[in-house]
Each structure stands twice: as C-alpha cells, then as structure tokens.
Amino acid sequence: MFLVVVIALAVVAVPLAGGRIANLAQIRFRWVPALLGALAVQVVIVSVLPDGAPSLHRLLYIASYAFVGAFLVANRRIVGSHVVALGVLLNTTAIVANNGVMPASGAALRAAGISTSAAGFTNSTHVAHAHLQLLGDIFAIPKPLPLHNVFSIGDVCIVLGVATTIHVVTQSRLVPRRQRPAPNVPIS
C-alpha cells in the first residue's frame, strides 16, 4: 500500500509542478497482463489465502516476480523503467536468497507495529539469519503514522523510477528541460 500511496502523491504533484497529467495517456505499455497477473498472485497468496501450503506460496511469490521482470523487459524503453527494474531486481534477489520471503528487520517491524512472528504466508517477515538483509525491508514508517509499514531499498528504487516516468512524461518542472520529451512524441 505504501508504494501505491507514494506513486499517487507523485501524480498529484504533477499539476503543482506545471505538468500535464493527460500526457500519461501517451505511454503504451506492453505485456500488461503479465504485470496484472503478478499482482493478482501476490494479493491472493498474501491477503486472500495466506494459510495455504508455505512452499507453494513461496514458489508462486518468486514466480510473480518473474512476470514483473518480463513486463519490465518488454517496457525497457520507457523512461524510468531501468530504475524500477533495479528495484525489482534488488527485491527479487533478497526474496530468492531467503527461500521465497522478503527478510524484514526485527527493528523495522517493531517500529512499524508489525508482529515479528506471523501466522500463514506473509511476503515480508523476520527471517532468522537472513541472507542479504541489507536488501530486505530495513526501513519503517512508524506505527503512529498512517500506512505504517516496512520497506526496502528496492522499494525506494521502484518509487523513484515510477515517479521519474510520471514527471518526465507529464513534462513537469521537477525534471530538467533537457530530459523532457518533445510534446506528442511517443515514449515507447
């Protein structure tokens, strides 16, 4: 939810920065069903059916990242996609290194008010002796704040990449003129 809210804020900032939200309609994404399928799998295994077979959930979680990767490769010419891909690669690396679960720092989980021992499958949890912990969910939005949660360096890259895409395409003043595409020029 954290990623969705931050991306929504990037969109809200467009008119404030003199950009044109209508320009977003110029982006022609490829392989959208791969991305939607990956998101659907993640919602089902994390929120709808978290009590299924843990090994199957972990396999499906990793497979969902393969579909996200396919979407990103298909859309590699879209500005900002390389930064998003870096974030997805960092997250995938941490998840694969920890047997299909994003390792979360115990301190970050406590700060966000999230239990360090979860029942059922969770995409991010405390992992004893985690591998590549630095790539895991080590940052927290503290519990007193809305949307308290944990997030990773990869998540930060994803948000920065998507925000870059939004502001370049909308010709916002937040992007230097030399990096803005000419009006009515296809982005992909």
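The values are calculated or read from the model by the stated rules, or taken from the named source; none is laboratory data. Remember, it's a predicted structure, so these values are computed and weren't measured experimentally. Glycine also receives a Cβ, built like all others from the backbone with ideal geometry; neighbour counts cover every protein chain displayed.
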Practice problem: Keeping to the range 1-33, report how many residues are in a helix (DSSP H, G or I), under 15 Å from the mean Cα position of the chain (by Cα) and touching a residue at least 12 places away in the same chain (Cβ under 8 Å). | Solution: 6
Exercise. Could you tell me whether any residue of the range 74-87 is under 15 Å from the mean Cα position of the chain (by Cα), in a helix (DSSP H, G or I), under 18 Å from A38 (Cβ atoms) and β-branched (V, I, T)?
Key: yes
Practice problem: Evaluate the range 23-45: report whether one residue or more is polar (S, T, N, Q), under 29 Å from V101 (Cβ atoms) and buried (at least 16 other Cβ atoms within 10 Å of the Cβ). | Solution: yes
Quiz item: Under 8 Å by Cβ, and 6 or more places apart or on different chains, what pairs join a residue from the range 62-76 that is at pLDDT 95 or above with one that is surrounded by fewer than 16 Cβ atoms within 10 Å (Cβ to Cβ) and of a type in the set (S, T, N, Q)?
Solution: N75/S188
Quiz prompt | Checklist (1) in a helix (DSSP H, G or I); (2) surrounded by fewer than 16 Cβ atoms within 10 Å (Cβ to Cβ) applied to V68, failing item | solution = (2)
Quiz prompt | Top-ranked residue of the range 119-135 - restricted to ones that are among the β-branched types (V, I, T) and in a loop (DSSP other than H, G, I, E, B), ranked as modelled with the lowest pLDDT | solution = T122
Quiz item: Among the residues of the range 121-169, which ones are under 16 Å from the mean Cα position of the chain (by Cα) and charged (D, E, K, R)?
Solution: D137, D155
Quiz item: Among the residues of the range 73-87 satisfying the criterion of being surrounded by fewer than 22 Cβ atoms within 10 Å (Cβ to Cβ) and of a type in the set (A, V, I, L, M, F, W, C), which is farthest from R28 (Cα to Cα)?
Solution: L86
Practice problem: May I ask you to list the residues in the range 161-178 that are out of contact with any Gly (no Cβ under 6 Å at 6 or more places or on another chain), in contact (Cβ under 8 Å) with a residue 40 or more places away in the chain and assigned to a helix (DSSP H, G or I)? | Solution: V162, A163, I166, H167, V168, V169
Quiz item: Is one or more of the residues making up the range 36-45 in contact with a helix residue (DSSP H, G or I) (Cβ under 7 Å, 6 or more places away or on another chain), assigned to a helix (DSSP H, G or I), over 25 Å from N149 (Cβ atoms) and not polar (S, T, N, Q)?
Solution: no
Quiz item: With I138, I95, I158, I114 as the choices, which residue is surrounded by 14 or more Cβ atoms within 10 Å (Cβ to Cβ) and assigned to a strand (DSSP E or B)?
Solution: I138
